[in-house]
Amino acid sequence: MFPFQFTGRFKPGLNVNIYDGEYANLPDFKTLTPVKSMTSKVITARIAEKERNFAMSFDGYINIPEDGIYGLYINSDDGSKLVINDEMVLSNDGVHPRGVEKSDYMHWGRVIIRSM
């Protein structure tokens with residue numbers, strides 16, 4: 001994966017949007033209005049302060065310090081995806097048990113990350 005070329009200032013954390021609803025699969029987040037938005041330094045469902053019937057999206061950049069193999073992991077109860085530089089690298093969508101992992105070669109630099 002190649003880093004996203006960007007010059008500018010970055011603030012720590014990822015943009016988080018939280019959505020109410022019951023979902024058997026991940027929704028099209030572009031069609032939804034979040035009930036809450038915030039910035040978080042971690043990707044965790046705990047910040048939603050809900051037990052059931054919600055969806056979340058995390059968007060931002062991560063810095064890859066050097067070229068190499070990086071372990072990627074998502075852990076969700078019924079639906080998640082990890083997208084890096086507009087390429088889906090992990091999908092755990094639908095109703096299922098927790099956890100999907102993968103190793104991938106990544107180039108140094110800032111990359112766009114989106115987790116749902």
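Matching residues to (1) assigned to a strand (DSSP E or B); (2) at pLDDT 80 or above:
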| residue | (1), (2) |
| --- | --- |
| I47 | no, yes |
| E51 | no, yes |
| S57 | yes, yes |
| Y73 | yes, no |
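Only one entry in L26, L82 is crowded, with 16+ Cβ neighbours inside 10 Å, outside any loop (DSSP other than H, G, I, E, B) and either among the basic types (K, R) or within 14 Å of the chain's Cα centre (by Cα) (or both), namely L82. For segment 7-25, filtering for residues that are of a type in the set (A, V, I, L, M, F, W, C) and modelled with pLDDT of 85 or more leaves 3.
For beta carbons closer than 7 Å, sequence separation of 6+ or different chains, a first residue in segment 8-27 that is within 12 Å of S57 (Cβ to Cβ) and a second that is of a type in the set (D, E, K, R) and assigned to a loop (DSSP other than H, G, I, E, B), the qualifying pairs are L26/D93. Total residues in segment 43-60 satisfying the condition of being touching a residue at least 40 places away in the same chain (Cβ under 8 Å) and surrounded by 17 or more Cβ atoms within 10 Å (Cβ to Cβ): the figure is 6.
The values are calculated or read from the model by the stated rules, or taken from the named source; none is laboratory data. These numbers come from a predicted model, not from an experiment. Heads up, the Cβs are rebuilt from the backbone with ideal geometry, glycines too, and the neighbour counts pull from every protein chain shown.
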